[in-house]
Amino acid sequence: MIEIKKTLLIILIMSTLKGYCQKSLDIYYFLDNIDNTHSYKIASNNYKIQKLQNDFFRKSLYPNVNLDLSIPYQRSISEVTQPDGTLKFIERNYLNSNASLSTSQVIPFTGGTINLSNSINYSRDFNNNYTNFSSNWVNLSFRQPINGYNSYKWDKKINNLIKKKDSLDYLKNTIKIQYDIAKAYIDAENVQLKSFLLTENIKKVKTILNEVSEKYKHGRAIKTDVTQMELSVIKLNGYLKANSIEYENMLNELERVSGIEIHDSIKLAGVQEIEYLIDKDQLIRNLDYNGFELEWLINEIKAEANLDKTKKEGSISLNLQAGVGVNSSSTEFSRLFNAPLQTQFLTLGVSIPILDWGISKDRVTIALIERENTKLKKDEDKDEHIKLIEELISYSWNLKTQMLALKEQIILSEKLIIDYKELLLLGKLTISDFNNQLYENINLSIEYEKLKNNLFLLKFRIDELNLKY
């Protein structure tokens, strides 16, 4: 008897020490460290790429400067007929080097382009010992489509909106990653809870088994009762073993999704029940200002831009070009810049479509229909989103209602287990009835935990709808 007590004391001490060494982590530890996940790193890198790409348009409005250098050398042998009718092969060697500097600047609000260029050329005929220098001091030109399609005007509007949309998409991706982590955590925590409930029930059944065994020794119970209780312990242990394997798989999944290494000693804290209100009108207002409205605004502008482009491509187009230049040439470099020559030009171009068999008109009709469809699809999509909001509110209300009902059922179930235990020991209740009540208690607790966790996960969807730019 003394040895048994010593053994029990050692087990108690080891269990206590194990409990102190076990590290407990809550769901927010994983949510606050989403930067460990590959998904977050990929989303962050994609956002950086999008920011760089969106900046291309702004940089395309800056002056574009190019310096070109070329030193082409050419050697040729040609057959030349002499005055006396004989043929002679003549070798010629040429060098024609060139350096040019060109600068171009777009004018976004008109769609025109200003070009400025400078160049210098050196040519040498080695056979005839002839040298020539030429220089384009400055050449300034301007090209302007008078009634053409100005892509810069539309691209500026679209690019500014896309920047905002990319920021919203990045935030939405972050929330979705958090949702995936929370879902993996909750799944693992549910299985952990089930293991805890099974362990507690095994203890209860073992307690009753000891009492039934004592009654059997004194002839107040039959062997069948003892056997049934032993089978119940074996059955519960089987459930516990299977659940332990599932828990290990869930922890592996949580480790994969979260990017955080999880040790066997880690204990997952239960998710706290949260309270939040869902304001339908506020959600709809946020829907008008968040990514939904932004995305459709981009689509509408693209449709308008396409219509403008289609109309102008099929109509009379006018183009204006003007420029001035100063250049010179000389056989000596020292005299190259002494006597410049001036040039000016002015060109008005007109393109008049005469016969295209109605293709331009049909294209405009198509663009008009596409613009109309864009507006119709927006209204249809908004109705779907409002319907989704109503479904979310209804889902939230159902979760809370079921949770209240389950709370009362769990309290009643706990009381029934105590009563069933007393009735079982008095011989007024079968072991099968008692086991059924144990399993029902486990199922009620697990179901309540699932409802509470679903309410927690629903918050991520609400946060996604409440995003603003």
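The values are calculated or read from the model by the stated rules, or taken from the named source; none is laboratory data. Quick caveat, the model's predicted, so the values are computed rather than measured. Glycine also receives a Cβ, built like all others from the backbone with ideal geometry; neighbour counts cover every protein chain displayed. These accessible areas exclude ligands, DNA and RNA; they are computed on the full protein's heavy atoms, side chains included. Shrake-Rupley method; radii C 1.70, N 1.55, O 1.52, S 1.80 Å.
Return yes or no: is residue 162 under 30 Å from residue 304 (Cα atoms) and either among the basic types (Lys, Arg) or surrounded by 14 or more Cβ atoms within 10 Å (Cβ to Cβ) (or both)?
Working: under 30 Å from residue 304 (Cα atoms): yes; either among the basic types (Lys, Arg) or surrounded by 14 or more Cβ atoms within 10 Å (Cβ to Cβ) (or both): yes.
Criteria met by residue 162.
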Here is a check on your reading of the model: is residue 297 at pLDDT 80 or above and aliphatic (A, V, I, L, M)?
yes
Could you tell me how many of the residues in segment 47-87 are free of Cβ contacts under 8 Å to residues at least 60 places away in the same chain, open to solvent by less than 90 Å² (accessible area, probe 1.4 Å) and hydrophobic (A, V, I, L, M, F, W, C)?
3
Taking residue 195 as the residue in question, decide whether it is in a helix (DSSP H, G or I), surrounded by fewer than 19 Cβ atoms within 10 Å (Cβ to Cβ), touching a residue at least 40 places away in the same chain (Cβ under 8 Å) and not charged (D, E, K, R).
yes
Just one listed residue, out of 44, 100, 104, is at pLDDT 90 or above, closer than 25 Å to residue 169 by Cα and either open to solvent by 70 Å² or more (accessible area, probe 1.4 Å) or not aromatic (Phe, Trp, Tyr) (or both), and it is 44
Output for segment 207-235, where each listed residue is more than 17 Å from residue 430 (Cβ to Cβ), of a type outside the set (D, E, K, R) and open to solvent by 80 Å² or more (accessible area, probe 1.4 Å)
210, 218, 234
Failed condition for residue 271, given (1) closer than 30 Å to residue 449 by Cα; (2) assigned to a helix (DSSP H, G or I); (3) open to solvent by less than 40 Å² (accessible area, probe 1.4 Å):
(2)
Among the candidates 425, 458, 451, 412, single out the residue that is open to solvent by 90 Å² or more (accessible area, probe 1.4 Å) and either more than 36 Å from the chain's Cα centre (by Cα) or farther than 30 Å from residue 304 by Cβ (or both).
412
Looking only at residues in segment 71-85 that are in a strand (DSSP E or B) and under 59 Å from the mean Cα position of the chain (by Cα), which one is farthest from residue 120 (Cα to Cα)?
74
Given the criterion within 30 Å of residue 161 (Cα to Cα), open to solvent by less than 100 Å² (accessible area, probe 1.4 Å) and without any contact (Cβ under 8 Å) to a residue 40 or more places away in the chain, identify the matching residue among 90, 114.
114
Working only within segment 237-266, note down all residues that are in contact (Cβ under 8 Å) with a residue 12 or more places away in the chain, of a type in the set (S, T, N, Q), under 30 Å from residue 435 (Cα atoms) and open to solvent by 40 Å² or more (accessible area, probe 1.4 Å).
237, 244
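Restricting the search to segment 74-93, which residues are modelled with pLDDT under 80 and not charged (D, E, K, R)?
The answer is 76, 77, 78, 80, 81, 82, 83, 85, 86, 87, 89, 90.
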Taking segment 124-137 and keeping only residues that are surrounded by 14 or more Cβ atoms within 10 Å (Cβ to Cβ) and part of a strand (DSSP E or B), one is left with 124, 125, 131, 132, 133, 134, 135, 136, 137
Looking only at segment 314-366, which residues are open to solvent by 70 Å² or more (accessible area, probe 1.4 Å), among the hydroxyl-bearing types (Ser, Thr, Tyr) and free of Cβ contacts under 8 Å to residues at least 12 places away in the same chain?
334
(1) under 43 Å from the mean Cα position of the chain (by Cα); (2) at pLDDT below 85: which one isn't true of residue 194, the others all being true?
(2)
